[in-house]
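Only one structure is covered here, and it is reproduced in the block below.
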Amino acid sequence: MITSNRPPSEWGLVFGDPTAATAILDRLLHHCTAVVIQGDSYRLRDNLRGLGKTEM
């Protein structure tokens with residue numbers, strides 16, 4: 001299982017090389033099932049609660 005807070009379209013920025021990122025994604029996604037989870041981060045929500053804030 002691989003998780004990321006960046007969409008695949010931004011992996012070129014993460015790796016600093018769009019060509020390498022494309023090759024990596026091609027090999028990772030060839031035989032996989034991608035699950036995209038959208039919503040607020042539980043860690044961020046919990047941290048904000050600890051600071052006394054209720055909204056993100």
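The values are calculated or read from the model by the stated rules, or taken from the named source; none is laboratory data. All of these numbers come straight from a predicted model, not from anything done at the bench. Calculation scope for accessible area: heavy atoms of the full protein, side chains included, ligands and nucleic acids excluded. Shrake-Rupley method; radii C 1.70, N 1.55, O 1.52, S 1.80 Å.
Tabulated data for the structure shown
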quantity: Solvent exposure ordering (accessible area, 1.4 Å, most first) of Ile24, Ile2, Ile37; calculated: Ile37, Ile2, Ile24
quantity: Accessible surface of the chain, 1.4 Å probe, proportion on carbon and sulfur as whole %; calculated: 54
quantity: Choice from Asp46, Asp17, Asp26 showing the highest fluctuation, given a GNM over the chain with Cα pairs closer than 10 Å; calculated: Asp46
quantity: Long-range tail of P(r) for segment 1-53 (Cα pairs > 17 Å, %); calculated: 51
